[in-house]
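Okay, so here's the structure we're looking at.
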Amino acid sequence: MSRPSRLTPLTRRLPDVAELAPLMRFAPPTLGRKARLARAADVADLRAIAKRRTPAAAFDYVDGAAKREITARRSREVFDSVELLPRILHGVAAPDLSVEIAGARSALPFGIAPTGFTRFMHAEGEDAGAAAAAAAGIPFSLSTMGTRSIEETAAASGDGDRWFQLYLWKDRDRARDLIERAAASGYGALLVTVDTPVAGQRLRDVRNGMTIPPRLNAKTVVDASYRPEWWWNFLTTDPLTFASLSDSAGDLPSIINGMFDPTLSLRDLEWIRSVWPGTLMVKGILTREDTRRALDVGADGLVVSNHGGRQLDRAPVSLQALPAVREEAGADVPIVLDSGILTGEDIVAALALGADFTLIGRAYLYGLMAGGQEGVRRVIELLAKEVEVAMSLMGAATTADLTPASVRAPWLEG
């Protein structure tokens, strides 16, 4: 029986200084916003930075959802459950990420979703989002609950593509005024949000005492005291208000329930269609029935959305609702997927399962809180790279190559 051979010992020598010197190239330490953002490898890293630098009330307004936040958690689980199927030897070196949506070409298959109270997250607010979106060649959506006006946001976005999101007010004259101002200011699409007849019960905001304008008490002062940049920005910039909601103050549910119309119906959509001259998209669609009803009254496109889980807890997950909405709408109706997107792979999954475009809300605000306009640019950069790499590995030269055959979704398998 043969004996096992012994391992030959390494031959050692003294380090050669001439060989070691080229390896000892220490970069000077980098500090500040740019360095902090550059070290962020994904949106989760930006979220961690945002949490450190933003008072709890503002961070939780972004990070939280309705009631027990079941819908928000399920959305993450559903996105994570989708398998992206690689295709080898397809020679895709540089996928084309651009898409046609709402009558314009977007350089990337995602845009920035409408968000409320944005300057509470960071003083640069909508100005940062609109400018970063324009620089990236993607649409920026301004919310009725925004903290910059229609005209101010148009100026910040310059030649960029911009959309306006409308909640229907009880005061129809004021709603008409917003619609007409948006048209006059070059907004290419109107997103009519229909899933907010009343405010969702967002318990984090209740526990934090979230009000507009913010009220300072011992808790909020202590919380903000070790976040000096946010505190300084808050004290040295113009007062924080909803730009489109004059004389509005109080807690968020009271503002929403006092100004928006719980009796919103198909007739109201017909009225909006008669007033708005551009692309009309209905936001908050999750079922076949509502798909058909929205299209029958003249919607040009649909936004499949559960409001980020911030309205009805236990609502369907947008991604799971998407295939049925696409089937009911047909191939030619533009469909946007909103709610829950935090990675480029999420965007790819949505495109494969029937969306023409996607919107990012929380991801955008994490970047904003982490570093203002530069943080928003970093979010866009990270997501674009993730989409590009995923498409390359999946053998998809364009977004049109992403089809249901490109993914495996457990809930669609028999």
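The values are calculated or read from the model by the stated rules, or taken from the named source; none is laboratory data. Quantities reported herein were computed from a predicted structural model and do not represent experimental measurements. Because the Cβ atoms are built from the backbone with ideal geometry, glycine has one as well, and the counts that use them run over all protein chains shown. We work out accessible area using only protein heavy atoms, side chains counted, and drop any ligands, DNA or RNA first. Shrake-Rupley method; radii C 1.70, N 1.55, O 1.52, S 1.80 Å.
Key figures for this structure:
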{"read-out": "Neighbour net charge for Leu342 - beta-carbon separation under 9 angstrom, K R +1, D E -1", "value": "+1"}
{"read-out": "Summed residue charge, Cβ within 15 Å of Pro410's Cβ, Lys/Arg positive, Asp/Glu negative", "value": "-1"}
{"read-out": "Exceeding the 29 Å Cα-Cα cut-off - candidates Lys283/Lys385; Lys219/Lys385; Lys67/Lys219; Lys170/Lys283; Lys67/Lys283; Lys51/Lys170", "value": "Lys219/Lys385; Lys51/Lys170"}
{"read-out": "For the chain, calculated [θ]222 nm from helices alone, where every DSSP H run of n ≥ 4 adds -39500 (n - 2.57)", "value": "-13000 deg cm²/dmol"}
{"read-out": "Solvent-accessible area per residue for region 1-141 (1.4 angstrom probe, square angstrom)", "value": "59"}
{"read-out": "Apportionment of accessible area to carbon and sulfur, the chain, percent (1.4 Å)", "value": "55"}
{"read-out": "Accessible area (Å², per residue) of region 288-344, counting only protein heavy atoms and a probe of 1.4 Å", "value": "36"}
{"read-out": "Over the chain, relative contact order from alpha-carbon pairs under 8 Å, at least 6 apart, %", "value": "26"}
{"read-out": "Extension reserve of the Thr8-Phe26 stretch, reckoned as 0.36 nm per residue once the Cα distance is removed", "value": "2.9 nm"}
{"read-out": "Linear extension gain, Thr236 paired with Trp271, 0.36 nm per residue minus alpha-carbon span", "value": "8.4 nm"}
{"read-out": "Tensor-based shape of region 286-414 (alpha-carbon gyration tensor, a/c under 1.5 rounded, otherwise prolate or oblate)", "value": "oblate"}
{"read-out": "Pair-distance profile P(r), taking every C-alpha pair of region 81-211, with 10 angstrom steps and integer %", "value": "11, 34, 29, 17, 7, 1"}
{"read-out": "Segments 196-203, 37-44, 18-25, 87-94 sorted - mean Cβ within 10 Å per residue, highest first", "value": "196-203, 37-44, 87-94, 18-25"}
{"read-out": "Compactness of region 34-74 - radius of gyration and Dmax, Cα, Å", "value": "12.4, 37"}
{"read-out": "All-pairs Cα distance distribution in the chain, expressed in whole percent, bin size 20 Å", "value": "26, 54, 14, 5, 1"}
{"read-out": "Potential extension, Ala18-Lys51 segment - 0.36 nm per residue separation minus Cα distance", "value": "7.3 nm"}
{"read-out": "Convex hull of region 90-158 built on C-alpha atoms - directionally averaged projected area, nm²", "value": "5.7"}
{"read-out": "For Val303, residues with placed amide H under 5 Å, excluding near neighbours", "value": "Val282, Lys283, Gly284, Ile285, Val336"}
